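The values are calculated or read from the model by the stated rules, or taken from the named source; none is laboratory data. Everything numeric in this text was worked out from a predicted model, so none of it was measured. In this analysis, Cβ positions are derived from the backbone assuming ideal geometry, glycine residues included, and neighbour counts consider all displayed protein chains.
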Amino acid sequence: MIKINRERCMYCGGCVGVCPANALTLNETMLTVSEACNDCGICVKFCPVGALEV
């Protein structure tokens, strides 16, 4: 499952838009990863600040 570095995350929502499994949700300043995550890593590559990792 994807891990979120909350200190680095700017909550831009870009990862939410690129997730093919719709496993990421952004509610104001809280990014969450659901069980639907299949560890494809697309969001990790997309994150401009490197806040996500597999």
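Before moving on, here are some points about what is shown:
- Residues that are surrounded by 15 or more Cβ atoms within 10 Å (Cβ to Cβ) and either more than 10 Å from the chain's Cα centre (by Cα) or over 14 Å from Tyr11 (Cβ atoms) (or both) within segment 23-32 comprise just one, Ala23.
- Within segment 42-52, at least one residue is assigned to a strand (DSSP E or B), at pLDDT 95 or above and buried (at least 16 other Cβ atoms within 10 Å of the Cβ).
- Checked against the criteria, Val44 counts as under 10 Å from the mean Cα position of the chain (by Cα) and β-branched (Val, Ile, Thr).
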